[in-house]
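What follows draws every value from the coordinates through simple rules; no lab data is involved. Not measured: the values here are computed from a predicted model. Using ideal geometry, Cβ is built from the backbone for each residue, glycine included, and neighbour counts are taken over all protein chains shown.
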Amino acid sequence: QAQLVESGGGLVQPGGSLRLSCVASGIGFNTYDLNWYRQAPDKQRELVASVSSGGRTNYVDSVKDRFTISRDNVKTTAYLQMNNLKPEDTAVYYCNAQRFVTNYWGQGTQVTVSS
């Protein structure tokens, strides 16, 4: 059974850093594109960063030069390194694994940026 489990969220001051992890099981991990989404209160879910099965990365403009997505196919884990965090980054962050029309989602991890 496919499962994605996120961790690493928490409360951090503006300018701080967090690293989110997403451990996958039950899927052919290296054949999936991996995405991090976020959803703030009263807002639509937003695609933040992606890393393809081939390692190509993409970011939404608001996080470029601050966030880094990566993957470890041996550990079947995706990461999102978040630096210089801002209050507007506050949201629930979700890991997504996508291959053609198949999608798997994690349960989400809360990130709160506040002084």
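Find how many whole Å separate the alpha carbon centroid of region 85-99 from the alpha carbon centroid of region 8-76.
7 Å
Over all directions, the average projected area of the alpha-carbon convex hull for the chain comes to how many nm²? Intermediate results must be reported in sequence, preceding the final value.
Details: hull surface 27.2 nm².
With every direction weighted equally, the projected area is 6.8 nm².
Grab the Cα-Cα distance for T31 and Q107, subtract it from 0.36 nm times how many residues apart they are, and report the gain in nm with one decimal.
Values: separation 76, 0.36 × 76 = 27.36 nm, distance 2.13 nm.
Extending this stretch completely gives an extra 25.2 nm.
Would any residue of region 71-104 have its amide N under 18 Å from a label point 7 Å out along Cα→Cβ of Q13? List them or say none.
83-90, by backbone N distance to the label point.
Tell me, what is a quarter of the convex hull surface for the C-alpha atoms of region 1-63, in nm² with one decimal? Present the calculation step by step, with values, prior to reporting the outcome.
Values: hull surface 22.4 nm².
Average of the hull's projected areas for region 1-63 equals 5.6 nm².
Estimate the FRET efficiency between N84 and V5 by the formula 1/(1 + (r/R0)^6), using the beta-carbon distance for r and 35 Å for R0, to the nearest 0.05. Numbers along the way, then the final one.
Working: r = 26 Å, r/R0 = 0.75.
Result of the calculation: an efficiency of 0.85.
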